[in-house]
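S.K.: Take a look at the following structure, please.
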Amino acid sequence: MIKAENLYFSYTGAAPYILGGVNLELKDGEYVSVVGDNGSGKSTLIRLILKLLKPTSGRIETTAGRIGYVPQRSDAAHSGFPITVREMLDSYRHLLKLKNRDVIDDSLRQVGLSDYSGALMGTLSGGQSQKVMIARALMGDPELLVLDEPSTGVDVHSQKEIYSIIKKLNKEKGMTIVSVEHNLVAAISNSTLIYHLDVGHGHICTPAQFAAEFTGIGLDGREE
Amino acid sequence: MLSYGFMQNAFLVSIFIAVLAPSIGIFLVLRRYSMIGDTLSHASLAGITISLACNQNPVLGAFVFTSISGALIEFLRGYFKKNTDLILSIVLALSVGTAITIISSGRLHTNADAFLFGSVLTVTVSDTVLVMILSVISVLALIALYHQLVYIAYDEEAARIAGVRVRLLNYIFSVLVASAVSVTIRIVGVLVISSMIALPVAAALQLEKGFKTTLVFSVVFSVVDIMLGLVLSYYLGVAPGGFTALVSVAVLIVVILAKKCVRIKATSKV
């Protein structure tokens, strides 16, 4: 699904690199959490997957026909913007050139927010707003879902619901998931693989290996 | 009042302004680009003075120069990524500098004051036709690009991922802003154009509704502002531009107070 070879990136085009020689191969149907410290290049990596950035050298390719993206939650960016959930999703449907209007209701149903289509985006709670972003990402049946810290700024109950939706999409629909995570417990508990980035270099491991090696957190999410 | 030909032209032009200015303005306000509207309105003065010096139609001159200035702002955005406020200063310096130099050279064959403060007397038939053409083309472009523009304003990154050519759309939008500015200058004047672009939208935002409803109310408030401004300024014998700006502020205050009253009533019932 995603293949990166000798991937380098810096905003200036020269050293120091944010990503310095990343090699990565992810197969279809995986649920990969990308973890690492602040500044390790997690968000840069997903922006390269989304083609929002171009590699300085090396290459990164994806075979996914359509990619759904759930951005990091930002209250400041959208507060006061006068748009209802339906208007926001309908405009996005037009951008994706989807003729069937039912995709809006279908995607809202998948995240359990069918009753909120008339609500203003600015009046939603953090959890609801994040679920709407997942609903948006699901329009057009993407093969790959990319999420940037889906649980940031979201209460614990909503976090559980959000991860339950993501896991369901991965297990039942076979959707490939790449999720940048600060929440290590969520990363260990939910994903099938973990990609650990450290100062621009990364390696892939299983959640069990990651738990044992780096955090001391067991697979049940409890600290050992 | 309507028996005068110039007032008929002024009313006709005002209706087009009332529709176009807030329709463009809502995107400027929501992208927090209100100051770009202000900068481009000042840039239009350079276009006016150049065209007056060359005996050309000032509305057309304003449209061309403002379009170029809008495109320049977009172009400079790539060079001044960390100091975007500098871009407006550069464009202001270029356009206001051009206008003042031409005005002070004494090469203008007419008085530029009418364009600074707005005037109903100077709206010619050819201006009216040009305003109508620019407005119709701009509104059609807005309808065609509606969803892309909404998304660029709401979530530019998501728009890029969905395949929207954001840079190209920004250039097209610059031309639309230029169109709104040049349509507005005759009646409202350069100095207060931004009031027609931003204030009806500010009033409509107080209603806290969805995008389409906010857009419709922006146009409604805009019609109220400009019609009241035009009629009252005629009877008071003052320039329509300044008075329309005052009416816009008054309408905004009334809407804010009405909203507060409704909230107080609602909480007292609970």
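Read-outs: derived from the displayed coordinates by stated rules, not from any lab. A quick note: this is a predicted structure, and the numbers were derived from the prediction, not measured. Because the Cβ atoms are built from the backbone with ideal geometry, glycine has one as well, and the counts that use them run over all protein chains shown.
S.K.: Of A:Ala4, A:Ser107, B:Val247, which is farthest towards the positive pole of the protein assembly as shown's charge dipole, taken about the Cα centre with +1 and -1 on the beta-carbons of Lys, Arg and Asp, Glu respectively?
M.R.: Result: B:Val247.
S.K.: Between A:Ser179 and residues 5 or more places away or on another chain, which pairs have amide H atoms under 5 Å apart, with H built 1.01 Å from N, and which residues are they?
M.R.: Counting only residues 5 or more places away or on other chains, the set is A:Val32, A:Ser33, A:Val34, A:Leu147.
S.K.: Hey, got the average number of other protein chain Cβ atoms within 10 angstrom for residues in A:85-97?
M.R.: Whole-number average of other-chain Cβ neighbours for A:85-97 is 5.
S.K.: Considering only B:Gly229, B:Leu40, B:Gly97, whose Cα is most displaced toward the positive end of the charge dipole of the protein assembly as shown, charges sitting on Cβ of Lys, Arg (+1) and Asp, Glu (-1)?
M.R.: B:Gly229
S.K.: If you take each beta carbon of peptide B:158-166 and count the beta carbons of other chains within 10 angstrom, what is the mean?
M.R.: 5
S.K.: Can you compute the equivalent ellipsoid semi-axes for chain A, i.e. the square root of 5 times each eigenvalue of the Cα gyration tensor, sorted largest first and rounded to whole Å?
M.R.: Output for chain A: semi-axes of 29, 21, 17 Å.
S.K.: OK, next. Anything over 21 Å Cα to Cα? Flag those among A:Lys27/A:Lys171; A:Lys131/B:Lys82; A:Lys97/B:Lys81; A:Lys54/A:Lys167; B:Lys209/B:Lys265; B:Lys209/B:Lys269, in the order listed.
M.R.: The answer is A:Lys131/B:Lys82; A:Lys97/B:Lys81; A:Lys54/A:Lys167; B:Lys209/B:Lys269.
S.K.: Treating the beta-carbon of each Lys and Arg as +1 and of each Asp and Glu as -1, no other charges, what is the dipole magnitude of the range A:76-142 about its Cα centre, to the nearest 20 debye?
M.R.: Dipole magnitude for the range A:76-142 comes out near 140 debye.
S.K.: Within 10 Å of each Cβ of B:203-211, how many other protein chain Cβ atoms are there on average?
M.R.: 4
S.K.: Give me the Debye-computed log₁₀ of I(q)/I(0) at q = 0.10, 0.13 Å⁻¹ for the protein assembly as shown, equal point scatterers on Cα only, no solvent, two decimals.
M.R.: -0.85, -1.16
S.K.: Can you pull out the chymotrypsin sites (Phe, Trp or Tyr not before Pro) in the range A:1-34 that DSSP calls coil and that have at most 13 other Cβ atoms within 10 Å?
M.R.: A:Tyr11
S.K.: As a test of the formula, what do you get for chain A when each DSSP H run with n ≥ 4 contributes -39,500 (n - 2.57) and the sum is divided by the residue count, at 222 nm and rounded to the nearest 500 deg cm²/dmol?
M.R.: Mean residue ellipticity, 222 nm, calculated: -9000 deg cm²/dmol.
S.K.: Write out the chymotrypsin sites (Phe, Trp or Tyr not before Pro) in the range B:61-120 meeting two conditions: DSSP loop, and at most 11 other Cβ atoms within 10 Å of their Cβ.
M.R.: Passing both the DSSP loop test and the Cβ count: B:Tyr79.
S.K.: Same structure, new question: What is the Cα centroid distance between the range B:1-35 and the range B:209-237, reported in whole angstrom?
M.R.: A separation of 8 Å, based on Cα centres.
S.K.: Only counting other Cβ atoms within 10 Å, I'd like A:Glu61, A:Glu149 sorted with the fewest neighbours first.
M.R.: Result, fewest neighbours first: A:Glu61, A:Glu149.
S.K.: Along the charge dipole of the protein assembly as shown, Cβ charges K/R +1 and D/E -1, which of B:Met7, B:Val183, B:Ala204 sits furthest on the positive end?
M.R.: Going by the Cα projections, it comes out as B:Met7.
S.K.: Among A:Leu113, B:Leu232, B:Leu20, B:Leu30, which comes first, second and so on when ranked by fewest other beta-carbon atoms within 10 Å?
M.R.: Lowest count first: B:Leu232, A:Leu113, B:Leu30, B:Leu20.
S.K.: Report the charge-dipole magnitude of chain B in Debye, nearest 20, computed about the Cα centre from +1 at each Lys and Arg Cβ and -1 at each Asp and Glu Cβ.
M.R.: 740 debye
S.K.: Okay, next question. Tell me the Rg and the Dmax, in Å, that the Cα atoms of the range A:76-142 produce.
M.R.: Values for the range A:76-142 (Cα only, Rg and Dmax): 11.1, 32 Å.
S.K.: Okay, moving on. Can you tally the net charge around B:Lys259? Count Lys and Arg as +1, Asp and Glu as -1, for every other residue whose Cβ sits under 13 Å from the Cβ of B:Lys259.
M.R.: For residues surrounding B:Lys259, the net value is +3.
S.K.: Could you tell me what percent of the DSSP beta bridges with both partners in chain A are antiparallel, to the nearest 5?
M.R.: Around 50 percent of the beta bridges assigned by DSSP in chain A are antiparallel ones.
S.K.: Another question, then. Would you please put A:19-26, A:190-197, B:81-88 in order of how densely packed they are, using the mean number of other Cβ atoms within 10 angstrom per residue and starting with the highest?
M.R.: Sorting A:19-26, A:190-197, B:81-88 by mean packing, highest first, produces A:190-197, A:19-26, B:81-88.
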